[in-house]
Amino acid sequence: MSWIDICAIDDIPLRGARKLKTALGCVAVFRTGEEEVFAASDTCPHKGGPLSEGIVHGQSVTCPLHNWVFDLNSGHAQGEDGRIATYPARTEAGRVLIDVARLATRSAA
Amino acid sequence: MTLKLVIVGAGMASGRVIEHLVEENPDAFDVTLFNAEPRGNYNRIMLSPVLSGEKTYDEIVTHDEDWYARHGVTCRFGEHVIGIDRDRRVVIGQKGEVSYDKLIIATGSAPFIIPVQGKDLPGVITYRDLDDTNAMIKAAQEGGKAVVIGGGLLGLEAAAGLAERGMQVTVVHLMGHLMERQLDEAAGYLLRRDLEKRGITIRTQASTKAIIGNGQTEAVLLEGGETLPADLVVMAVGIRPETRLASDTGLEVARGIEVNAQMQTSDQDIYAVGECVEFGGHLFGLVAPLYDQAKVLAQTLLGQPEAFVVKDIATKLKVTGCDLFSAGDFAEGPGREDIVFRDPSRGVYKRLVIEGDRLVGAVMYGDTADGTWFFSLIKDGTKIEEMRETLIFGPAFQEGASADPLSAVAALPPEAEICGCNGICKGTITNAIASGATDLGAVRAQTKASASCGTCTGLVEQLLQVTLGDDFQMPTAQPVCGCCDLTHEDVRRLIKAQELKSQEAVWQELGWKSRNGCHVCRPAVNFYLLADWPLEYRDDPQSRFVNERKHANIQKDGTFSVVPRMWGGITNAAELRAIADAADKYNVPTVKVTGGQRIDLLGIKGEDLPHIWADLNKAGLVSGHAYSKGLRTVKTCVGTDHCRFGTQDSTGLGIKLEQILWGSWTPHKVKLAVSGCPRNCAEATCKDVGIICVDSGYQVGVAGAAGMDLKETERLVDVPTEAEAIEWTVAFIQLYRENAKYLDRPYKWVAKVGLAWVKERLIDPVERARLVDAFELSQSFFRKDPWAEQAKQAERFQPLADLTLEAAE
Ligand code: SRM
Ligand SMILES: Cc1cc2nc3c(=O)[nH]c(=O)nc-3n(C[C@H](O)[C@H](O)[C@H](O)COP(=O)(O)OP(=O)(O)OC[C@H]3O[C@@H](n4cnc5c(N)ncnc54)[C@H](O)[C@@H]3O)c2cc1C
Ligand code: SF4
Ligand code: FES
């Protein structure tokens, strides 16, 4: 694992998301609780909707274009045949860390 | 041979070590015990009951003089240890040295003091020991006002104690909810509600800037500029391990004194125990793990193999009447699932966090009887797959019952208003039911409840069910979504009747089954709250669809469209030039004249939005809200200014209306038109509100549609003056804002309540004036250009970071 510091937790709105440019395309970093973050692909497998613009509820996000609902833990779309890639993310002392090693290995695969 | 054991700090951790030692081998050590406090070991966690007056100091002493004497402990109380000489193996106290074979550092923690101006003023107290407690008790005897900085465990216990002793207490807390380390927002809401009930004022998201006073504290100044009068300030923002002695001595210290699993520091003859240590990156702030450490340390000193491991801990708050429990890890980490249970009538909230087939965290409020059972499931890592469905109901209940969908109505007090039209409260209705009105028709006839607009029908039916039980057959109504059992209309009514002013209040009091709603209910609840409580509720952009949050319409390729306002469809050369310049500068692929008499710039990148807005702002152009559930356009025709048939200034009225109404949030979008004569070139007869000017004045029509449905407007009123046309329009829109279901256009809402009902309300001049005032009040917050505000935070629209290079390596 290779954790890097992306931003302060407050740079991401509570129950919101910001996006991150990576070699694999955009990755959305979601903040669901005061100290809870998730990272997943920003691109909806349905028609490419930007998930970082969706409504974040519980540990899910709803795509802004046609309302597919994704579980941020597994990446699975509720009741649909679709899944987004998820990446390790965590918070430490108010900072958001993301595992870049995973982003790189995925691209190699 | 008896070894010389010296202990620095007579607190809860070292006290336990001594107990183990004297129990297992009283002759192994000759103990000398230093303590900075002029007393021996007492049960520190019981200081809160001492503060509140429920206990006395004598009742919380763990070891008295007699106990120390009996076990041969040499006490040096009231004496600070100021140094350790490791070469000579001596401990240096204020009154002299003592040599050691083995040394234990057990110095606990020191309260953290935020470095603001005024922190050293007399009247600023921390909360750690008996002296602090006595100082607070003394201050409270004078009465007056206290400000407690910090809404964690310690701060709230201090606040409750001071309130108990008659002080007026305000808690200032930096985070969004109380005890955020131990509680989630829902439990934090309930705790706040209970503390407020006992007269404590809670200020969340409030940051202390300074403490003001001349020789004595007088007030706390908040970051926003507000001052809170304070005769006493309690600083309870956190603790940090007391490591000064250890670091001066050259032991390895990170945040705490570093120890191994045998509680040994980097010097093999020096041990550390309690809150002053750091083990494997962990710090400790509750006694349970300290007692484990004490046991390990005693065994180690007696030559027995033993190792300390970090376990999950459970928290309770020692404030009588605030029943909360939290254990394990209920927040961070992927791979988790929630089970939520709420019972509004009992003020109960429970949430379990499950990872795989195990329970990893639990938060509870109101009913914590099952806390220990859940805690043992967490600690033991018990597989819960089998009982997952009924787990939340606790050990006593393993058959499966569900939350009562009627509990929100059952919880209402008798004076809560159910029927807003006729001012009928719950008690009147339940009395009618008790005296024989056993169906909706009878209740209507007897009380008039639900006999007007009918939107409270659902609640009246629920009252029938609550009162009559199975004797009443409930018609099935569509709930808002899977998160709750209530219809939109019921939610709206209950928000008003129960004065629910925050999302957390709605989730809890109305028995929501999810943690914070979903994309269907949350935008609706956000709108209801801001429409009903414009002063108290702050709009939550995260509860809005992307278009409203971004103030632009998202396109199918993820770009956005930008539509500036053109008041009443009027523009000029300067505005057109600014639009043309922006189209060039941002490479806008499509510029289109919309069906709403203005210009749309389509295909703009998210990152460019704040910049194009800033450019358009410079030319005086503001957001056209082409994206909002709010006022869209007011179409006009040229009217008397140019047209040979024009009867009144239709363009002028359109502009006035747009300037009054813009920026407001409504249940769905609202479109207006004003035509100068019945030829109706502005297509006013199919709008939400359409005004046709005639010789004698203005014909105001409402509830038209020309989208998915097509419907002609119905005449609301004919008025002679422009001012009256405006007054009726504003009053109609406010009535719509106060009553309609989210996502009902006016024509749908009017079809439900009936135009007659709308007219009956608006014809009353007092009600009309109230509606206009309520709209104005709300507009004092919302009649603002969101583009100008968003353009100031341009960085929010940029990606967080660009990792394309790093990830590729
Ligand atoms: C830009 C515009 C079309 C145009 O090029 O002229 C337009 C574009 C959209 N309309 Fe419209 N409507 C536009 C005038 C209309 C009109 C005509 C009018 O306003 O006089 C109507 C019929 C009148 C009405 O409002 O009912 C209209 C009825 C709708 C409806 C159906 C509403 C209904 O209650 O039946 C929707 C869907 C909705 O709102 O749920 C809709 C939704 C949309 C959305 C916002 C769809 C969406 O959610 O993404 C379109 C955004 C396109 C985009 O990518 O930017 N648009 N839309 C017009 C903007 C007017 C303006 O200046 O603000
Ligand atoms: C008001 C209050 C309520 C609490 N409620 C709870 C609760 O409900 N549940 C829970 O689990 N925990 C609670 N705690 C926390 C709990 O009290 C502590 O975790 C525990 O007391 C820590 O034990 P300790 O031995 O490490 O330190 P302490 O008990 O703080 O003892 C350290 C002692 O060392 C002395 N000392 C420090 N430096 C020197 C020096 N250089 N020379 C000589 N002496 C020195 C200090 O004066 C102090 O007496 C509460 C704490 C407070 C203050
Ligand atoms: S009619 Fe309106 S919603 Fe439909 S495609 Fe055209 S712009 Fe989009
Ligand atoms: S693109 Fe996400 S749901 Fe259609």
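The values are calculated or read from the model by the stated rules, or taken from the named source; none is laboratory data. Nothing here was measured: the structure is a model prediction, and the numbers come from that model. Because the Cβ atoms are built from the backbone with ideal geometry, glycine has one as well, and the counts that use them run over all protein chains shown. Just the protein is used for accessible areas: all its heavy atoms, side chains included, with ligands, DNA and RNA removed. Shrake-Rupley method; radii C 1.70, N 1.55, O 1.52, S 1.80 Å.
Take every DSSP beta bridge whose two residues both sit in the protein assembly as shown, then give the antiparallel share in percent to the nearest 5. Intermediate results must be reported in sequence, preceding the final value.
Values: 106 of 151 bridges.
Given both bridge residues lie in the protein assembly as shown, the antiparallel proportion sits at roughly 70 percent.
Which of the lysines could a cross-linker span from B:Lys95 if the Cα-Cα distance has to be under 24 Å and same-chain partners fewer than 8 positions apart are dropped? Result set, ordered by chain and number: B:Lys4.
Computed extension gain for B:Arg240 through B:Asp471, at 0.36 nm per residue and net of the alpha carbon distance, reaches 77.0 nm. Bridgeable aspartates and glutamates around B:Lys741 (alpha carbons under 16 Å apart, same-chain partners fewer than 8 residues away excluded): B:Asp485, B:Glu489, B:Asp490, B:Asp532, B:Asp688. In a DSSP loop and with at most 16 other Cβ atoms within 10 Å, the GluC sites (Glu not before Pro) in the range B:400-487 are B:Glu415.
Over the range B:631-784, what is the percentage of antiparallel beta bridges among all DSSP beta bridges, to the nearest 5? Among the beta bridges of the range B:631-784, antiparallel pairing accounts for roughly 60 percent.
On C-alpha positions alone, give me the angle between the axis of helix B:765-782 and the longest principal axis of chain B, in degrees, nearest 10. Its long axis makes an angle of about 60 degrees. Model label points for A:Cys26 and B:Glu142, set 7 angstrom from Cα along the Cα-to-Cβ axis, are 5.9 nm apart.
The Rg/Rh ratio of the range A:3-103, with both radii computed over alpha carbons and Rh defined as the Kirkwood radius, is 0.94.
Comparing the range B:722-790 with the 2.2 N^0.38 Å rule of thumb, its C-alpha radius of gyration ratio is 1.23 (two decimals).
For the range B:488-544, the spread of Cα coordinates along the three principal axes comes to 25, 23, 18 Å, biggest extent given first. In this simple spin-label approximation, B:Asn43 and B:Ala307 carry label points 7 Å from Cα along the Cα→Cβ vector, and these lie 3.4 nm apart. For the range B:664-807, what percent of Cα pairs sit more than 27 Å apart? Tail fraction, whole percent: 33. A prolate overall shape is assigned to the range B:199-323, the ratio a/c of its alpha-carbon gyration tensor axes (a ≥ b ≥ c) being 1.5 or greater and a/b exceeding b/c. Helix B:287-301 against the longest principal axis of chain B: what's the angle in degrees, Cα atoms only, rounded to the nearest 10? Taking the Cα atoms of chain B, the angle to B:287-301 is about 30 degrees. Taking the DSSP beta bridges with both ends in the range B:1-112, the antiparallel portion is around 40 percent.
Measuring nothing but how far apart in sequence close Cα pairs (under 8 Å, 6+ apart) lie, relative to its length, the range A:3-103 scores a relative contact order of 29 percent.
Given C-alpha coordinates of the range B:549-594, what is the ratio Rg to Rh with the Kirkwood estimate of Rh? All intermediate terms of the calculation are to be shown ahead of the outcome.
Working: Rg = 11.8 Å, Rh = 12.0 Å.
Radius of gyration relative to Kirkwood radius: 0.98.
Using only alpha carbon pairs under 8 Å that are at least six residues apart, calculate the relative contact order of the range B:391-496 and give it in whole percent. Once normalised by length, the contact order is 22 percent.
Given a cut-off of under 8 Å on Cα pairs at least six residues apart, what relative contact order in percent is computed for chain B? Present the calculation step by step, with values, prior to reporting the outcome.
On the way: 1618 pairs, mean separation 54.9, N = 809.
Relative contact order of chain B: 7 percent.
Using a 7 Å offset from Cα along Cα-Cβ at B:Lys119, what residues in the range B:222-240 end up with backbone N under 20 Å from the label point? Within reach of a label on B:Lys119: B:222-225, B:228, B:230-240.
What total accessible surface area, summed over both chains, is buried at the interface between chains B and A, computed with a 1.4 Å probe and given in Å² to the nearest 100? Please report the intermediate quantities before stating the final value.
Details: alone 35870 and 5870 Å², together 38190 Å².
When B and A are taken together, about 3600 Å² of accessible area is lost.
Seen through its C-alpha gyration tensor, with square-root eigenvalues sorted a ≥ b ≥ c, chain B comes out prolate because a/c lies at 1.5 or above while a/b is bigger than b/c.
Among the listed pairs B:Lys119/B:Lys792; A:Lys47/B:Lys784; B:Lys501/B:Lys748; B:Lys145/B:Lys350; B:Lys448/B:Lys635, those with a Cα-Cα distance over 31 Å are B:Lys119/B:Lys792; A:Lys47/B:Lys784; B:Lys145/B:Lys350; B:Lys448/B:Lys635.
For the protein assembly as shown, the alpha carbon positions stretch 117, 76, 64 Å along the principal axes, listed from largest to smallest. With no solvent and one equal point scatterer per Cα, compute the Debye intensity ratio I(q)/I(0) for the range B:113-237 at 0.23 Å⁻¹ and report its log10, rounded to two decimals. Each listed q corresponds, in turn, to -1.43.
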